[in-house]
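Input: a single structure, listed below in structure tokens.
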Amino acid sequence: MFDTIFWQRLFTPARRLRWRWHAWSSESDREFWNVQFTAPTHDPFSPSYPGHLTIRRFSDLAEQRFDNVSMVCDLGCGPGEITCEMARRRPAIRFVGIDHSEIAIQQARTHAARLGLHNVEFEPGDLETFDPPPGVDLITMFDAFHHVLAPDAFIARVGRVCERLFLIEPAGTVLGAWNREHDLDWLPATVFQLNHRLEYEFGLGDVEAERRRAIDRQTAAGPTEHRYTAADFQRFFSGFTLEVRGTIAGFEQYGPEPDRRSRMRDRFGDAAYNLVVAVEDAMFEEGLDLAAKHWAIYARRDRPGVLPALRPVRQPARKPLASGIQPAYSAHYSDYRGPKRVAPGEVFQVQVRVRNTGWQPWSSVEDPPVLASYHWLDGKHRVLVSDGLRTPLPMRIASGEEGGVVLRVQAPGTPGRAVLAIDFVHENVTWFSEQGVAPCEVEFVVRES
């Protein structure tokens, strides 16, 4: 079998073409994150927030590298959630957070003030040109290194000032994509599903009862997404010694209302964290941790000129998966009836049948209501219209039941090919598609008026 370096060289031209096609830049990356970090709705330090698990676990892994450290520089810190978590654990260490998003830096300073932290500061800076301040003992980067446009030059520059780096990075494929073949996001998601169902069945109240409307975070800009393989990291860190451990944290399945807080959610958040730590430790002991979708990479320049070696990635056995617990939101669409050619801006009706394959009943008369709606996508599946007209359901649809729904739809305002994505929304809670429910997609032609 050919080694990884062979495949790396074979696919390098295709990977470069893919990256060039995306036309990533530092400015587009900054613009994207400025939009994403606008008007946060969650408390990142609450166990009720599913993302807190990642903040906590990433901080655990970094803290293991704090021996003989008096100053840490966290590059690409975003809104400083992990930086602040590390700073409040280690008050004797000085932390400096750097990010090119001004919005993120403002939020990070707010977090630090709220937590009463005096050992952390945040400053704006572009990692493509940034030089770490003198006296830095450790540089940390959490899901940030793959946003750097020139990684070789970056490591050469920061390595002149600091000889120890700790990264948590997505495992990459030879084509530069994210290797998520063994994604364990379902693990904490299942724990929070249990919480959701218990709260629903027993009618437990929220600590924070106010429901917050989702914020539209669409932008034409996109983040830089250079994913790297083990061979890439060996090349980047030639002259360093590497220690690598896989982590299943870095979760993206947050479930409905991720910003809502309750006493029970706090308990289940702690339970999910403890379960993740136990699973990671077991995977490490079995030699399976490097099959996880994130790698914790510790690089230190203590043996110059030695090519670092990584443990081989042991792949889990492939077996068919049994279905998990029944989710709250699940649907099956069928029997679309309606036009497929419309005029720009035209309002028309379509009909679709839908079966409730989740446990939560759908009703448009309860508060908050479940409503039929849609999105419009272009020919490349980019969003044209994110928030379609709402249509109340004609009846209550319980788990296992099926019904027909007639939706009122307005066509996009510009002609061309488009995709109508019929979706359901639990108003002010979640779109079904955000919970992994595939919309009913129908190809359309928006003709010239």
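On average over all directions, what projected area in square nanometres does the chain have, based on the convex hull of its Cα atoms?
Its average projected convex-hull area is 23.6 nm².
Please report how far the C-alpha centroid of the range 262-280 lies from that of the range 145-161, rounded to the nearest whole angstrom.
Centre-to-centre distance over Cα atoms comes out at 35 Å.
If you find the alpha carbon centre of the range 30-61 and of the range 75-98, how far apart are they in angstrom?
With the range 30-61 and the range 75-98 each reduced to a Cα centre, they are spaced 13 Å.
Roughly how many debye, to the nearest 20, is the charge dipole of the chain about its Cα centre, given +1 on each Lys and Arg Cβ, -1 on each Asp and Glu Cβ, and no other charges?
Dipole of the chain, to the nearest 20 debye: 880 debye.
From the phi angles alone, apply the Karplus equation (6.51, -1.76, 1.60; θ = phi - 60°) to the range 38-51 and give each ³J(HN,Hα) in whole Hz, x where the residue is Gly or Pro.
Residue by residue, the range 38-51 yields 6, 6, x, 10, 10, 9, x, 9, 9, x, 5, 7, x, x Hz.
Rounded to the nearest 20 debye, what is the charge dipole size of the range 331-446 about its Cα centre when +1 sits on each Lys and Arg Cβ and -1 on each Asp and Glu Cβ? Can you show the working numbers first?
Details: 11 positive and 13 negative charges, 85 e Å.
It works out to roughly 400 debye.
With runs of 4+ DSSP H residues as the only contributors, calculate the mean residue ellipticity of the chain at 222 nm using -39,500 (n - 2.57) per run, divided by the residue total and rounded to the nearest 500.
Taking each H run of at least 4 residues, the total per residue is -8500 deg cm²/dmol.
Can you give the three extents of the C-alpha atoms in the range 331-446 along their principal axes, from longest to shortest, in whole Å?
39, 24, 21
Provide the per-residue ³J(HN,Hα) series for the range 233-240, in order, calculated from phi with Karplus coefficients 6.51, -1.76, 1.60 and θ = phi - 60°, each as a whole number of Hz, with x at glycine and proline positions.
Couplings: 5, 4, 6, 4, 9, 4, x, 10 Hz.
Which peptide among 193-202, 170-179, 437-446 comes first, and what is the full order, when sorted by highest mean count of other Cβ atoms within 10 Å?
Sorting 193-202, 170-179, 437-446 by mean packing, highest first, produces 170-179, 437-446, 193-202.
So who's got an amide H within less than 5 Å of the one on PHE251, skipping anything under 5 residues away but keeping other chains? H placed 1.01 Å off N, in plane.
Sorted by chain and number, the residues that satisfy this are THR54.
Nearest-5 percent of antiparallel DSSP beta bridges in the range 87-187?
In the range 87-187, approximately 10 percent of DSSP beta bridges are antiparallel ones.
Ordered by residue, what ³J(HN,Hα) values in Hz, to whole numbers, does the range 404-421 give under the Karplus form 6.51 cos²θ - 1.76 cosθ + 1.60, where θ = phi - 60° and Gly and Pro are x?
Calculated HN-Hα couplings, in order: x, 10, 9, 9, 8, 10, 10, 5, x, x, 10, x, x, 7, 8, 10, 8, 10 Hz.
Please compute the net charge surrounding TRP376, taking Lys and Arg as +1 and Asp and Glu as -1 over other residues with Cβ under 12 Å from its Cβ.
So the surrounding residues net to -3.
Taking amide H positions as placed 1.01 Å from N in the peptide plane, with prolines and chain starts having none, which residues 5 or more places from ALA171, or on another chain, fall under 5 Å of its amide H?
ASN179, HIS294, TRP295
Around ARG94, which amide H atoms from residues at least 5 apart in sequence, or from another chain, sit under 5 Å from its own amide H, with H modelled in the peptide plane?
Amide H neighbours of ARG94, under 5 Å, 5+ apart: MET71, VAL72.
Going 7 Å from the Cα of LEU384 in the Cα-to-Cβ direction, what parts of the range 403-418 have a backbone nitrogen less than 18 Å from that spot?
408-418
Once each part is reduced to its C-alpha centroid, what is the distance from the range 399-449 to the range 116-133 in angstrom?
Using only Cα atoms to place each centre, the spacing works out to 43 Å.
FYI, it's all coordinate maths here, none of it is from the lab. Just so we're clear, the structure is a prediction, and the values are computed from it rather than from any experiment. Note that we place each Cβ from the backbone using ideal geometry, even for glycine, and neighbour counts take in every protein chain shown.
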